[in-house]
Amino acid sequence: MTPTPAPSRLARRLHLSDAVILGLGAMVGAGIFAAVGPAARAAGPALLLGLLLAAFVAYCNATSSAQLAALHPESGGTYVYGKKRLGHYWGYLAGFGFVFGKLASCSAMALTFGSYVAPALSRPLALAAVVALTALNLRGVHKTARATAAIVTVVLAVLALSVAAIWLGGSVEWARLLPDADRTDPGGVLQAAGLLFFAFAGYARLATLGEEVIDPTVTIPKAIPRALGITLLVYTVVLGSALLAVGAPALAASPAPLATAVAASGFAWMAPVVRVGAAVASLGVLLSLVVGVSRTTFAMAAAGDMPRLFAAVHPRFHVPHRAEVAVGVVVGTVVIFADLREAIGFSSFAVLVYYGVANAAALTLGESERRWPKWIAAAGVGGCLLLAFALPVASVVAGLALFAVATAVFLLRNRAGTGFRPSSAGR
């Protein structure tokens, strides 16, 4: 029997189409414009193998998240699922990882936007984007969904034009698509999968919107696989075409891989169009990221795991306005100092741990609660750990340090019997 959603602290305004669009806005574009270069350097011609492996792990995570979201339609995503299914510590760890991992993602997307628009002014432009999108989110999640729809439309149009240019240009060589078994490094493929996972993590934002989706027990389990499936199709077509056009070495060496592939096909005049698409895609991902991070911060504050002031809900717009402002301030500060590649690696490690907790929580589901086979969740746990520890050493070390700090804070708070008091009113 489908559970009845608990009363929502936020306004339920999002339909299935809105939820799918928010998921697409959080995924489509991030990997194509930000993670392809580092992933191509790691995997070489086996780049598509890394993409498929990342997609398989993402599918496992998506099914686990969808099942849990149907049972626990609340803001917070795996933070809530981990607490309820595995215990307070695991939920706290997941929430901590999500918030800090996605703060790194926000910084990466803001920097990607600035780099494509004007490399010499990348940091000021990144900061301006953070300020503008934070202000938009404060106006309400329904306006966020409409803005995301417009952004997704522009990005898909640019990607379609890019693929058409590659195929019409006649530079396609099928041999570039086939990895050489003798020179394929399995470790490099795993690292590429971990980096490309950054591009598939957008469906996490859907699970965090449990209190803003109409009929969440039905809508979220439908929206997550649909958004993921559309994204995988788009990425496979675009990355496959780019590999056929110029090969992995050229993609690895380029700061704008898709623009390089289009230019090599004889359509150099389209490079500015690709840059515009990259900038718009980055804004779309940043917009959805800020929504998800602020909702998890809101949920953790309401439960007492973060300062209670972040549990406030705006009386007019029904959004967690203090959490959104806090996220904007932190991201705006980070973009002044952040490095794009390091941000992607750190974000991937933290979010893979987050999804590892989600899959572990899904393993506790009973037969009447389960919508997908149990082995998928088990494969998700293993896949998340495998990809997380295949990432660059610096990313792994930074991620382990983050979770060590989170664990220390949790243990000290429990030992002292102190913590942030939960907010019952949420206003």
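The values are calculated or read from the model by the stated rules, or taken from the named source; none is laboratory data. The structure displayed is predicted, hence computed values, not measured ones. Positions of Cβ are backbone-derived with ideal geometry, glycine not excepted, and every protein chain shown enters the neighbour counts. The protein model used for the area step is the full one, side chains on, heavy atoms only, and it has no ligands, DNA or RNA in it. Shrake-Rupley method; radii C 1.70, N 1.55, O 1.52, S 1.80 Å.
For the reader, a short list of remarks on this structure follows.
- Residue within the stretch 256-278 that is farther than 16 Å from A108 by Cβ, surrounded by fewer than 24 Cβ atoms within 10 Å (Cβ to Cβ), among the aromatic types (F, W, Y) and in contact (Cβ under 8 Å) with a residue 12 or more places away in the chain present: yes
- Lone unmet requirement of (1) of a type outside the set (A, V, I, L, M, F, W, C); (2) in a loop (DSSP other than H, G, I, E, B); (3) at pLDDT 75 or above for R183: (3)
- Residues being more than 18 Å from the chain's Cα centre (by Cα), under 20 Å from F346 (Cα atoms) and of a type in the set (S, T, Y) - total across the stretch 78-96: 1
- Residue that is modelled with the lowest pLDDT [pool: residues in the stretch 119-159 that are farther than 15 Å from L283 by Cα, in a helix (DSSP H, G or I) and open to solvent by 60 Å² or more (accessible area, probe 1.4 Å)]: H142
- Pick from the stretch 198-223, criterion within 30 Å of G345 (Cβ to Cβ) and over 8 Å from the mean Cα position of the chain (by Cα), ranking: modelled with the highest pLDDT: A223
- Lone qualifier among E367, E324 - being at negative phi, more than 20 Å from the chain's Cα centre (by Cα) and either at pLDDT 80 or above or assigned to a helix (DSSP H, G or I) (or both): E367
- Entry remark, the stretch 53-80: residues being touching a His at 6+ places or on another chain (Cβ under 8 Å) and either of a type in the set (G, A, S) or within 23 Å of L24 (Cβ to Cβ) (or both) number 0 in total.
- Residues in the stretch 231-265 that are polar (S, T, N, Q), assigned to a helix (DSSP H, G or I) and over 16 Å from A55 (Cβ atoms) were compared, and the one that is modelled with the highest pLDDT is S241.
- Among the residues here, R421 does not qualify as at pLDDT below 85, surrounded by fewer than 17 Cβ atoms within 10 Å (Cβ to Cβ) and part of a helix (DSSP H, G or I).
- Filter result for T297 (at pLDDT 75 or above, open to solvent by 20 Å² or more (accessible area, probe 1.4 Å), part of a helix (DSSP H, G or I) and among the polar types (S, T, N, Q)): no
- Test set (1) more than 21 Å from P225 (Cβ to Cβ); (2) over 18 Å from the mean Cα position of the chain (by Cα) - A360 fails condition number: (1)
- Any hit, the stretch 309-318, residues being of a type in the set (A, V, I, L, M), surrounded by fewer than 24 Cβ atoms within 10 Å (Cβ to Cβ), touching a helix residue (DSSP H, G or I) at 6+ places or on another chain (Cβ under 8 Å) and without any contact (Cβ under 8 Å) to a residue 60 or more places away in the chain: yes
- The stretch 84-98: number of residues that are outside any helix (DSSP H, G or I) and in contact with a helix residue (DSSP H, G or I) (Cβ under 6 Å, 6 or more places away or on another chain): 1
- Evaluated against (1) in contact (Cβ under 8 Å) with a residue 12 or more places away in the chain; (2) farther than 27 Å from A42 by Cα, E367 falls short on exactly one condition, (1).
- Those residues of the stretch 363-395 which are open to solvent by less than 20 Å² (accessible area, probe 1.4 Å) and in contact with a Phe, Trp or Tyr (Cβ under 9 Å, 6 or more places away or on another chain), in sequence order: I376, G380, G383, C384, L387, A388, L391, S395
- Any chance L286 is out of contact with any Lys or Arg (no Cβ under 9 Å at 6 or more places or on another chain), part of a helix (DSSP H, G or I) and within 22 Å of A94 (Cα to Cα): yes
- Within the stretch 56-77, being part of a helix (DSSP H, G or I) and open to solvent by 10 Å² or more (accessible area, probe 1.4 Å) holds for F56, Y59, L71.
Per-residue answers, yes or no, for (1) free of Cβ contacts under 8 Å to residues at least 40 places away in the same chain; (2) under 15 Å from Y354 (Cα atoms); (3) of a type outside the set (S, T, N, Q):
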| site | (1), (2), (3) |
| --- | --- |
| Y59 | no, yes, yes |
| G76 | no, yes, yes |
| L93 | no, yes, yes |
| S105 | no, yes, no |
| Y116 | no, no, yes |
| A120 | yes, no, yes |
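- Condition check for G304 on (1) over 18 Å from the mean Cα position of the chain (by Cα); (2) closer than 30 Å to R413 by Cα; (3) buried (at least 22 other Cβ atoms within 10 Å of the Cβ): one failure, at (3).
- The residue of the stretch 327-359 that is most open to solvent (accessible area, probe 1.4 Å), among those that are among the hydrophobic types (A, V, I, L, M, F, W, C), outside any loop (DSSP other than H, G, I, E, B) and more than 17 Å from A201 (Cβ to Cβ), is V329.
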